[in-house]
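Just so you know, all these numbers are worked out from the coordinates, no wet-lab data involved. Bear in mind the structure is a predicted one, so any value in this text is a computation, not a measurement. Note: ideal-geometry Cβ built from the backbone for every residue, glycine included; neighbour counts use all protein chains shown.
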Amino acid sequence: MLRMSLALFLVTGAGVASAAPLTADNAARLLVPHRAVYDLKLKNASDRSGIEGMFGRMVYEFTGSACTGFTTNFRLVTKINTGEDTRVSDQQTKTFEDLAAGKFHFETKSFTDEQLDKTVTGDASEGKDGVKVELGSAGGREVELPTSAFPTTHMLDIIEQAKQNKRIFETRVFDGSENGDQSLLTSTIIGKSETPEKGDADAAAAGDFAKAPYWPVTIAYFNDGATGDPTPVYNMSFKLYENGITRDLTMDYGDFSLTGSLVKLELLKKQQDPCPVVPQ
């Protein structure tokens with residue numbers, strides 16, 4: 001599930017789970033390169049959202065390995081109808097996460113009607129006292145943040161919690177979204193394992209993994225400094241397979257929400273330098 005400003009989507013494909021204990025390293029070694037395509041449509045919108053119609057497409061490409069790091073290329077294009085006019089939003093994001101070194105690089109370009117609105121680039125690294133972010137798009141400005149998980153690490157943590165039958169998981173996440181200068185608190189609810197129902201078209205799009213069991217997962221994101229009973233700035237629900245594939249998305253922004261259906265899943269060729277096997 002990778003939260004990319006307008007949408008969180010951190011999807012990882014993997015092979016069949018092994019009998020080895022699901023440590024973070026073991027889980028990361030299961031991840032395989034892939035490209036997933038999702039069709040988006042408006043689920044609901046409040047009057048104050050100013051949205052009468054919305055649809056789009058999201059493409060997520062994931063490559064790399066546990067020993068060399070993981071690269072994601074993400075693109076989200078939506079067409080929004082306000083009743084008075086329409087506009088096309090196009091967000092393009094590339095990230096690289098080195099799990100072993102605790103480093104994360106991010107680049108995002110946002111366009112409206114083919115005109116560049118904003119560019120955000122930066123590098124983040126884990127330290128003893130938290131996460132240090134250097135924003136290349138802001139003249140090298142540095143930001144110190146509390147200890148936070150990067151996106152792929154966060155997904156691996158969720159998978160591990162699900163495997164251990166733990167239903168609630170809270171942590172702080174940094175993914176470089178928005179202006180790249182803040183992390184968010186997250187609360188994750190993991191449901192019991194389920195099996196796809198017969199005739200589930202979204203499951204069929206998962207190809208070889210169509211009949212695999214999954215966990216229903218919901219993640220709520222909160223800003224720092226919220227008092228009382230805080231309201232999430234964003235919620236995302238999805239079906240998470242044991243192999244890491246994510247489908248059947250619902251992205252709730254408060255004033256409006258979108259659904260995302262998996263329409264194509266392509267497994268990409270693995271790189272030629274696989275990680276050395278670690279004895280169990």
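Remarks
- Over the range 68-117, the alpha carbon radius of gyration divided by the compact-protein estimate 2.2 N^0.38 Å works out to 1.56.
- Expressed in Å, the radius of gyration and Dmax of the Cα atoms of the range 3-267 are 18.0, 57.
- Ordering 224, 202, 47 from the fewest to the most neighbouring beta carbons within 10 Å gives 47, 224, 202.
- FRET efficiency estimate (nearest 0.05) - Cβ-Cβ, residue 223 to residue 129, R0 22 angstrom: 0.55
- Working ranking of peptides 241-251, 95-105 by packing, defined as the average number of other Cβ atoms within 10 Å per residue, highest first, is 241-251, 95-105.
- Expressed in Å, the radius of gyration and Dmax of the Cα atoms of the range 144-250 are 15.2, 49.
- Whichever lysines have a C-alpha closer than 26 Å to that of residue 94, once near sequence neighbours (fewer than 8 apart) are set aside: 41, 79, 103, 109, 118, 132, 239, 264, 269, 270
- The order of the peptides 149-162, 203-216 by mean Cβ neighbours within 10 Å, most packed first, is 149-162, 203-216.
- Ordering 74, 111 by the number of other Cβ atoms within 10 Å of each residue's own Cβ, fewest first, gives 111, 74.
- Fewest-first ranking of 128, 269, 239, using other Cβ atoms within 10 Å as the exposure measure: 128, 269, 239
- Once both labels are positioned 7 Å from their Cα atoms along Cα-to-Cβ, the gap between residue 46 and residue 94 label points is 3.8 nm.
- Tail weight of P(r) past 21 Å, computed on alpha-carbon pairs of the range 75-225, percent: 59
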